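Take a look at the structure set out below.
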Amino acid sequence: MSDADIPFQPGRTQSTKVLFAETGALGRILLNRPKAINALDTDMCHAVNVQMHDWADGGPRYVSIEGAGDRGLCAGGDVKGIRAALLADPDSTAGVDFFRTEYAMNAGIAHYPRPWIAIMDGVTMGGGLGISAHGSLRVVTERSKLAMPETLIGFFPDVGMLHVLNGLPGLYGTHLALTGTTIDGGAALALGLADAAAPSGRVGSFLNKVSAGIDPQDLLAHRTFTLDSDILDSADWIDECYAGGSAEEVQGRLTQHADPRAREAGAAIAQRSPFAVAVTLAALRRAATMTIDEVLAQDLVLATNFLREPDFFEGVRCQLVDRGQQPRWRHRSLAEVPAPEVDAMFVG
């Protein structure tokens with residue numbers, strides 16, 4: 001069965017921005033905003049939540065999620081839309097409503113009673129990782145590009161990813177969270193952010209076989225291919241530079257390190273919102289002893305508070321609205337970020 005033959009249709013909410021199909025043993029979810037790289041909005045997250053509930057008991061044996069178009073699974077949440085809504089009405093609940101609905105979806109995926117197959121083909125960033133990294137079978141391809149780039153828009157890595165990032169080898173999670181570094185499928189496999197790889201041109205065939213009732217683990221065990229990665233070669237400087245201390249100290253270690261990759265990471269952090277970097281490091285360390293549900297609860301408090309932060313509006317403007325402009329962050333450097341301001345972000 002070709003993709004064109006799959007009977008995708010809106011779910012009970014009637015949103016056309018996410019479509020569903022039941023084909024044999026597989027319930028398929030298709031994010032359907034290809035021009036926006038399937039960026040998530042409240043309607044989409046609600047539609048997924050409703051369909052997940054419908055399929056949880058007595059539904060298909062497996063559930064998969066993929067993105068329409070050829071650019072990627074999902075570029076994240078529609079923060080540009082949230083910014084616009086808040087600029088039009090500062091009292092709007094659009095942002096909080098979105099994050100509450102999105103995080104409920106993330107929790108549902110993490111606890112889903114059926115195998116959740118995420119096709120992380122192409123761009124899979126921010127909220128795109130929220131719908132895939134908590135799944136039971138995360139499939140990358142040679143086109144995969146994974147990142148949590150939120151500090152670049154004056155925000156923090158949310159969607160429960162602080163729980164996942166804390167589980168990566170050494171302090172790689174801290175590196176990815178603070179710098180927003182994009183990694184490929186090979187690196188995702190090496191770090192444990194993905195479980196298997198498949199050629200992008202074979203994903204449709206793979207899902208058709210799952211629909212026919214073949215165990216996806218068996219399929220991937222026999223048909224997977226290797227994606228090379230040397231990311232673990234960075235372990236020494238990553239663990240050395242990101243251990244302990246404040247965000248300012250971390251950046252100082254990076255910029256003064258002999259390894260050029262460390263200095264590159266320090267330069268990347270310098271381009272991010274200092275406030276967002278400081279809050280992210282604090283949130284990541286708090287999340288180290290939390291469950292996924294506790295992390296998502298913390299995410300909602302932080303997201304709500306970030307929606308009142310000038311850096312969020314400035315970061316989204318420079319990166320997504322007036323593209324290419326240099327942002328003017330509220331603090332000029334990490335040294336200027338007061339610890340009490342960081343602590344206040346964790347108060348609901």
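Laboratory data are not the source of any read-out in this text; all were calculated from the coordinates shown. This structure is a prediction, so every number in the text was calculated from the model and none was measured. With ideal geometry, Cβ positions are generated from the backbone for all residues, glycine too; neighbour counts draw on all protein chains shown.
Observations on the structure shown:
- Its residue count N fixes a reference of 2.2 N^0.38 Å for segment 211-348, and the Cα radius of gyration divided by that reference is 1.35.
- Segment 232-257 and segment 41-108: distance between their alpha carbon centers, rounded to Å: 35
- With contributions of -39500 (n - 2.57) from each DSSP H run of at least four residues, the per-residue ellipticity at 222 nm computed over the chain stands at -13000 deg cm²/dmol.
- If the chain linking Val347 and Arg328 were pulled fully straight, counting 0.36 nm for each residue of separation and taking away their Cα-Cα distance, it would gain 4.3 nm.
- Taking 28 Å as the straight-line reach from the Cα of Lys35, the lysines in range (excluding those fewer than 8 positions away in the same chain) are Lys17, Lys80, Lys145.
- Between the beta carbons of Ala212 and Gln14, assuming R0 = 41 Å, the FRET efficiency works out to 0.90 to the nearest 0.05.
- Length gained on full extension, Asp57 to Glu294, computed as 0.36 nm times the residue gap minus the Cα-Cα distance: 82.8 nm.
- Percent of alpha-carbon pairs separated by more than 30 Å within segment 3-344: 34
- Percent antiparallel among DSSP beta bridges (both partners in the chain, rounded to 5): 35
- Rh (Kirkwood; distinct C-alpha pairs) - segment 254-322, Å: 14.0
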